[in-house]
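Below is one structure; the comments refer to it alone.
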Amino acid sequence: MLEDKNQEKTSLAKLGEFGLINHLTKHFKMHHSSTVKGVGDDAAVISSSNKEIIITTDLLVEGVHFDLSYMPLKHLGYKAVMVNLSDVYAMNATAEQITVSIAVSNRFPLEAIEELYAGIQLACDTYKVDLIGGDTTSSTKGMLISITAIGSAKKEDIVYRNGAKPTDLIVVSGDLGGAYLGLQVLEREKQVFQVNPQSQPDLDNYTYIIERQLKPEARKDIPILLKELEVKPTSMIDISDGLSSEIMHICTQSKTGCKIYEDKLPLDPQVIATSEEFNMDSTMIALSGGEDYELLFTVSIDDYDKIKGNPNLSVIGHITEENEGMNLVTRANQEIELKAQGWNSLQE
Ligand SMILES: [Mg+2]
């Protein structure tokens, strides 16, 4: 995409840093009264009222966290925002502001950075968050993106990882494993393309899982839904590294064990079909595939009637005493100890 020779490209040096920041941010709208001052002074100003402030940050490095040969820059901008908002929602909080810092090498013209910012802006508009600052600088090689998200919540609404209790139900939003398999499909197509640049990939059977990889959506709706249902989770985390390692964070911090039931794991039919095609175990992918950005939480068993049958939520197990360990109950009714395998462990 960056190799398109027909289009005029503008070098970043022409604009200068402040010209570039102004150029990139002038069309961003503000959505929150808590944003007192955004871009344009030495620092942003946020009014905190009587709520707690939630802050999270994430650094993405080209070649480590993303590959621009199949990740369009607009998608990358969108996803970089999602990764951060997901952490805010995992605290049962509202995301309100972001700062965006980028470092780019001189292989990126202005038009490429504009694409990146188009994705960031789409995310800001869709999720109603305000871009309030950041930094742009040059790198000797590749691109780095660092985003900080700021949110707020009433003290009594915030949900931490350490509140799960034995008998609590373990619940997950959406479905699992799609983002990881989407990445496998994109990697395969990249290799085919390297051998035969004329090849036209047919990706019709993979649209859902590719979208899960390239354009994930943070679950802003889940804290809102839970409030409507009058359910406050006892613990919560977002699934960035795979279900297994996330439930282990909850159990370790809550000093509990857990039982997860294999037959309860929510899998999209495309995940099942593609796992078979890749000769991979879909349960393994749900447990260890990453980047789904769903929310994993625990609720008191007394709240079961309020969440039961909700199409957005699956009850996948329950919390146990710590000495019972962290286990997966298979379809054959065998108990296997859960292992903390991040999604990288699935790759050779
Ligand atoms: Mg997280």
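The values are calculated or read from the model by the stated rules, or taken from the named source; none is laboratory data. Everything quoted here is computed from the prediction, not taken from an experiment. Glycine also receives a Cβ, built like all others from the backbone with ideal geometry; neighbour counts cover every protein chain displayed. Ligands, DNA and RNA are excluded from the accessible area calculation, which covers all protein heavy atoms including side chains. Shrake-Rupley method; radii C 1.70, N 1.55, O 1.52, S 1.80 Å.
What the table shows:
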item: Share antiparallel - DSSP beta bridges, the chain, percent rounded to 5; result: 75 percent
item: Cα-based convex hull volume of the stretch 12-157 per residue, rounded to whole Å³; result: 101 Å³
item: Computed accessible area, Ile247, all protein chains, 1.4 angstrom probe, square angstrom; result: 0 Å²
item: Heavy-atom SASA rank of Arg219, Arg331, Arg188, Arg107 (probe 1.4 Å, accessible area, largest first); result: Arg331, Arg107, Arg188, Arg219
item: FRET efficiency, Ala118 to Asn50 (Cβ-Cβ, R0 35 Å, nearest 0.05); result: 0.45
item: With all protein chains modelled, accessible area of Asp87 [1.4 Å, Å²]; result: 40 Å²
item: Carbon + sulfur, % of accessible area of the chain - ligands and nucleic acids excluded, 1.4 Å; result: 49 percent
item: Per principal axis, descending, Cα span of the stretch 78-167 in whole Å; result: 55, 25, 19
item: Entries of Lys26/Lys232; Lys141/Lys220; Lys14/Lys128; Lys128/Lys155 with Cα pairs more than 28 Å apart; result: Lys26/Lys232; Lys141/Lys220; Lys14/Lys128
item: The stretch 223-335: projected area of the alpha-carbon convex hull, averaged over directions, in nm²; result: 7.5 nm²
item: As computed over the chain, the Cα convex hull volume per residue (Å³); result: 149 Å³
item: For the stretch 228-252 versus the stretch 55-110, the gap between their alpha-carbon centres in whole angstrom; result: 22 Å
item: Fraction of beta bridges assigned by DSSP in the stretch 190-332 that are antiparallel (%, nearest 5); result: 70 percent
item: Mean residue ellipticity (222 nm) of the chain, computed from DSSP H runs ≥ 4 via -39,500 (n - 2.57), nearest 500; result: -10000 deg cm²/dmol
item: For the stretch 12-157, share of DSSP beta bridges that run antiparallel, in % to the nearest 5; result: 70 percent
item: Heavy-atom surface of the chain, accessible at 1.4 Å and reported per residue (Å²); result: 49 Å²
